[in-house]
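The values are calculated or read from the model by the stated rules, or taken from the named source; none is laboratory data. Worth saying up front: this structure is predicted, and the values here are computed from it rather than measured. Neighbour counts are summed over all protein chains in view; Cβ atoms, including those assigned to glycine, are modelled from backbone coordinates with ideal geometry. Surface areas here come from the heavy atoms of the whole protein model, side chains and all, with no ligands, DNA or RNA. Shrake-Rupley method; radii C 1.70, N 1.55, O 1.52, S 1.80 Å.
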Amino acid sequence: HKIAVVGAGAVGSFYGAMLARAGKRVVLIGRPHHVEAIERDGLKLDMAGRVESLRAEASSALAAVHGADLVLFCVKSTDTDTVARELAPLLEPHAVVLSLQNGVENASTIARHVRQTVVPAVVYVATAMAGAGTVKHYGRGDLVVGALTAGERHDPTFAELLQDLVELFGDAGVKVTTSDDVMVELWTKLLVNCAYNAISALAQAPYARLAAQAEV
């Protein structure tokens, strides 16, 4: 199977790195300086006190998505409509598009342009680009996936697809859970972010510390 990461920034590069680390064929589609570093030195994953250099394909051309069975859609929300429109004619008929983005409307926006299955995901990970070709992991990494439409929610074939994603990411050390209503999960994350991000900015306190205090 070929996995393409469209918009290989911090989030896309982290999940791409985890999948590549598990021996999956991954192509990262991103900015030229990131691509050049990966082609030269490999994709570097800084996690748990060590840096690994992983083999992965990289390209700055969206056409590199050709042949992908799974597409991790990781662009900024403001670019979703444009990139989805450009991506549509390049996708394989059987491809699955997994939206790994913040916000609640991205998956439905993608689905307006592509005829392939689009799966919304809630992303719980703290990552950052430590430099071109290097992604640093700070914490978590789990995903919640579910159906975009009511029809899919009751479709056994779609349930099998979700289970395939659970197993694929599970093999790469990424915990994925399924939700009967992933849109509720997305809205919940958005509301929590709206509260904590403002407090974090005003208090100049790391988000993780605030969240830990709130759980006490």
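Since only Pro32, Phe73, Gly16 are under comparison, the one whose Cα sits farthest along the positive direction of the charge dipole of the chain, derived from C-beta charges on Lys, Arg, Asp and Glu, is Pro32. Ordering Gly133, Gln116, His94 by the projection of their Cα atoms onto the charge dipole of the chain, which places +1 on the Cβ of Lys and Arg and -1 on the Cβ of Asp and Glu, puts Gly133 at the extreme positive end.
Using only alpha carbons, the chain has a radius of gyration to Kirkwood radius ratio (Rg to Rh) of 0.96.
Around Ala17, with a cut-off of 10 angstrom between Cβ atoms, what is the net charge of the other residues, counting Lys and Arg +1 and Asp and Glu -1?
Working: positive: Arg21, Lys44; negative: Asp46, Glu52.
Counting the neighbours of Ala17, the net charge comes to 0.
The chymotrypsin sites (Phe, Trp or Tyr not before Pro) of the stretch 1-76 include none that meets both criteria, a DSSP state outside H, G, I, E and B (loop) and at most 10 other C-beta atoms within 10 angstrom of the site's C-beta. Once neighbouring chains are kept in place and the probe is 1.4 Å, which whole percent of the accessible area of the stretch 15-155 is contributed by carbon and sulfur? Answer for the stretch 15-155: carbon and sulfur cover 47 percent of the accessible area. Taking the Cα centre of the stretch 28-142 as reference, the dipole from Cβ charges on Lys and Arg (+1) and Asp and Glu (-1) amounts to some 180 debye.
How many percent of the alpha carbon pairs in the stretch 12-67 exceed a separation of 16 Å?
Tail of P(r) above 16 Å: 37 percent of Cα pairs.
Summing charges over neighbours of Glu86, with a neighbour being any other residue whose Cβ is under 14 Å away from its Cβ, gives 0 when K and R count +1 and D and E count -1.
Longest exposed-loop-site-free stretch of the chain, with trypsin sites (Lys or Arg not before Pro), DSSP loop and at most 14 other Cβ within 10 Å? Result, exposed sites excluded: 116-174. Solvent-free Debye calculation, one equal scatterer per alpha-carbon of the stretch 52-135: log10 I(q)/I(0) at 0.13, 0.23 Å⁻¹ equals -0.45, -1.21. With the alpha-carbon atoms of the stretch 1-127 aligned to their principal axes, the span from lowest to highest coordinate is 41, 28, 25 Å, starting with the largest.
Placing +1 at every Lys and Arg Cβ and -1 at every Asp and Glu Cβ, with all other atoms neutral, what dipole size does the chain have around its Cα centre, in debye to the nearest 20? Walk me through the numbers on the way to the answer.
Working: 19 positive and 23 negative charges, 124 e Å.
Dipole magnitude for the chain comes out near 600 debye.
Taking every protein chain into account, the accessible area of the chain amounts to 51 square angstrom per residue (probe 1.4 Å). Could you tell me what percent of the DSSP beta bridges with both partners in the chain are antiparallel, to the nearest 5? The antiparallel fraction comes to roughly 35 percent.
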